[in-house]
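Let me begin by presenting the structure, written as structure tokens, before commenting on it.
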Amino acid sequence: MVDYTNESVGGAVFRVLRLRARTTLLRWHDGSEDPPSGAGEVPADAGPSIDWASEGLAGVIAVFNGGFKKSADAGGAVVDGVTLEPLVPGDMTLALNNEGHWRMGVWGAKDFPGPDFGAIAYRQNLGPLILHGALTAAATSTDWAYWGSTWPDSAGAYTSRSALGVDREGNLLYAAAIGHVDPEQLGTALLRAGAVSAMELDINPFWPIMGASRAPLHAPGALPVQLPYAEHDPTIYETGWERDFFVALAEPGPWACEWASPGLTPGVTGSQAQLLSLHGTACRAKLRKQTTSTTSTTSPG
């Protein structure tokens, strides 16, 4: 379901986590503080902690950070029928549907995410880092301020960075490094991991967080595969966190069985909870035991 590599670019080492499109699904969660929402506006399934009553049934296999704060004006966020930040044309967007499938593309582009995709969540964060299998002009520009304000200010373009990409097989790639890296290094690490499209996520030492389990977690537990030197243990997502984040879950082994939520009802305004349940003709089959594998690769900087 999940594996990771270590990609070395210009002296920086990026941990790249890959979620297999066939055997995992993805959910997005709002933080307790950001993106801000009204009291009770976001259902528990998309709240500031893993929803163990729903997501725990499937089994948590990985977690990782989301994007910039709302105050950065870096893009929009929508979940469960609630618009937390308006979507911005031209920004790179990750769309998730009720089956936990993902699509990445530029908001406003023709056929993205597609009329039949049925998205229940969107997260944007600036423009494309990788598009059509190549770094964008912005990724290699010396105008690094486009990719966010670094801390401390003296860091210039160099700080801890994270990003999300999709490869040719449709697998999802999370990449991050804690240290002094620039946007071009971040994008290059994802290209080497096979990404054909990508968007930057949160930056600076305090925010990139990643964890993966060697077996699906159905209750709070250890996430031993982590981002080296991160400020926080990824188990913070199990009980509640102030910023938005993603949760990857395990799909059943049988092809004719999958986890899905109801989807959004057309014409209905306001929040619509998206609790997961099994759908398909083979859902009584015993779920396959699945693990997280480890590989390590080193590329010249």
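Of the conditions (1) touching a Pro at 6+ places or on another chain (Cβ under 6 Å); (2) surrounded by 19 or more Cβ atoms within 10 Å (Cβ to Cβ); (3) at pLDDT below 95, E238 clears all except one; give me its number.
(3)
Can you name the number of the only condition in (1) at pLDDT 95 or above; (2) out of contact with any Phe, Trp or Tyr (no Cβ under 7 Å at 6 or more places or on another chain); (3) assigned to a loop (DSSP other than H, G, I, E, B) that G56 fails?
Unmet condition: (3).
Considering only residues that are within 19 Å of T265 (Cβ to Cβ) and either among the β-branched types (V, I, T) or not in a strand (DSSP E or B) (or both), which ones fall in the stretch 115-126? Give the derivation first.
Quick first cut of the stretch 115-126, residues within 19 Å of T265 (Cβ to Cβ) only: 115-122.
Correct list: P115, D116, F117, G118, I120.
Of the conditions (1) in a strand (DSSP E or B); (2) at pLDDT below 95; (3) polar (S, T, N, Q), N6 fails just one. Which one is it?
(2)
Have a look at G38, G56, G66, G11 and point out the one that is closer than 30 Å to H279 by Cβ and more than 16 Å from the chain's Cα centre (by Cα).
On the way: G38 fails: closer than 30 Å to H279 by Cβ; G66 fails: more than 16 Å from the chain's Cα centre (by Cα); G11 fails: closer than 30 Å to H279 by Cβ.
Of the residues listed, the single one that is closer than 30 Å to H279 by Cβ and more than 16 Å from the chain's Cα centre (by Cα) is G56.
Given (1) acidic (D, E); (2) over 24 Å from G127 (Cα atoms); (3) in contact with a Pro (Cβ under 8 Å, 6 or more places away or on another chain), where does D30 come up short, assuming only one miss?
The one condition D30 does not meet is (2).
Evaluate the stretch 209-218: report whether one residue or more is under 24 Å from M1 (Cα atoms) and touching a His at 6+ places or on another chain (Cβ under 7 Å). Reasoning before the result, please.
Start the filter on the stretch 209-218 by keeping residues that are under 24 Å from M1 (Cα atoms), which leaves 209-218.
If we keep only those that are touching a His at 6+ places or on another chain (Cβ under 7 Å) too, we end up with 209.
Within the stretch 209-218, one or more residues are under 24 Å from M1 (Cα atoms) and touching a His at 6+ places or on another chain (Cβ under 7 Å).
Take A62 and tell me if it is buried (at least 19 other Cβ atoms within 10 Å of the Cβ) and touching a residue at least 24 places away in the same chain (Cβ under 8 Å). Steps first, answer last, please.
Working: buried (at least 19 other Cβ atoms within 10 Å of the Cβ): yes; touching a residue at least 24 places away in the same chain (Cβ under 8 Å): yes.
Yes, satisfied.
Which of the residues that make up the stretch 139-162 are hydrophobic (A, V, I, L, M, F, W, C) and in contact (Cβ under 8 Å) with a residue 12 or more places away in the chain? Even if it seems obvious, please write down each step before you answer.
Within the stretch 139-162, the first condition is being hydrophobic (A, V, I, L, M, F, W, C), and the residues that meet it are 139, 144-145, 147, 151, 155, 157.
Across the stretch 139-162, the qualifying residues are A139, W144, W147, W151, A155, A157.
Go through (1) of a type outside the set (V, I, T); (2) surrounded by fewer than 17 Cβ atoms within 10 Å (Cβ to Cβ); (3) assigned to a loop (DSSP other than H, G, I, E, B) one by one and return the number of the condition S71 breaks.
(3)
Would you mind telling me which numbered condition in (1) surrounded by 14 or more Cβ atoms within 10 Å (Cβ to Cβ); (2) of a type outside the set (S, T, Y); (3) over 18 Å from the mean Cα position of the chain (by Cα) P115 fails?
Of the numbered conditions (1) surrounded by 14 or more Cβ atoms within 10 Å (Cβ to Cβ); (2) of a type outside the set (S, T, Y); (3) over 18 Å from the mean Cα position of the chain (by Cα), the odd one out for P115 is (1).
Pairs please, first residue from the stretch 257-276 and more than 13 Å from E99 (Cβ to Cβ), second anywhere and of a type in the set (D, E, K, R) and surrounded by 10 or more Cβ atoms within 10 Å (Cβ to Cβ), Cβ atoms under 7 Å, 6+ apart in sequence or on different chains.
Listed by first residue and then by second, the contacts come to S271/E41; S271/D80; Q272/D80; A273/D45; A273/D80; L275/D45.
For the stretch 251-301, which positions are closer than 30 Å to G187 by Cα and at pLDDT 90 or above?
E251
Give me the residue from the stretch 127-137 that is buried (at least 19 other Cβ atoms within 10 Å of the Cβ) and either assigned to a loop (DSSP other than H, G, I, E, B) or not β-branched (V, I, T) (or both) and, out of that set, farthest from the chain's Cα centre (by Cα). Spell out how you get there, then give the answer.
Of the residues in the stretch 127-137, the ones buried (at least 19 other Cβ atoms within 10 Å of the Cβ) are 127-131, 135.
Then keep just the ones that are either assigned to a loop (DSSP other than H, G, I, E, B) or not β-branched (V, I, T) (or both); that gives 127-129, 131, 135.
Numbers: G127: 16, P128: 15, L129: 15, L131: 17, L135: 20 Å.
By that ranking, first place goes to L135.
Which count do you get for residues in the stretch 169-228 that are among the acidic types (D, E) and in a loop (DSSP other than H, G, I, E, B)?
Narrowing the stretch 169-228 to residues among the acidic types (D, E): 169, 182, 184, 200, 202.
From the residues that got through so far, the ones that are in a loop (DSSP other than H, G, I, E, B) too are 169, 182.
Qualifying residue count, the stretch 169-228: 2.
Condition check: among the aliphatic types (A, V, I, L, M), free of Cβ contacts under 8 Å to residues at least 60 places away in the same chain and surrounded by 24 or more Cβ atoms within 10 Å (Cβ to Cβ). Does V79 satisfy that?
Values: among the aliphatic types (A, V, I, L, M): yes; free of Cβ contacts under 8 Å to residues at least 60 places away in the same chain: yes; surrounded by 24 or more Cβ atoms within 10 Å (Cβ to Cβ): yes.
Here the answer is yes, as V79 does meet what is asked.
The values are calculated or read from the model by the stated rules, or taken from the named source; none is laboratory data. Quantities reported herein were computed from a predicted structural model and do not represent experimental measurements. For neighbour counting, all protein chains shown are included, and Cβ atoms are generated from backbone atoms with ideal geometry for every residue, glycine included.
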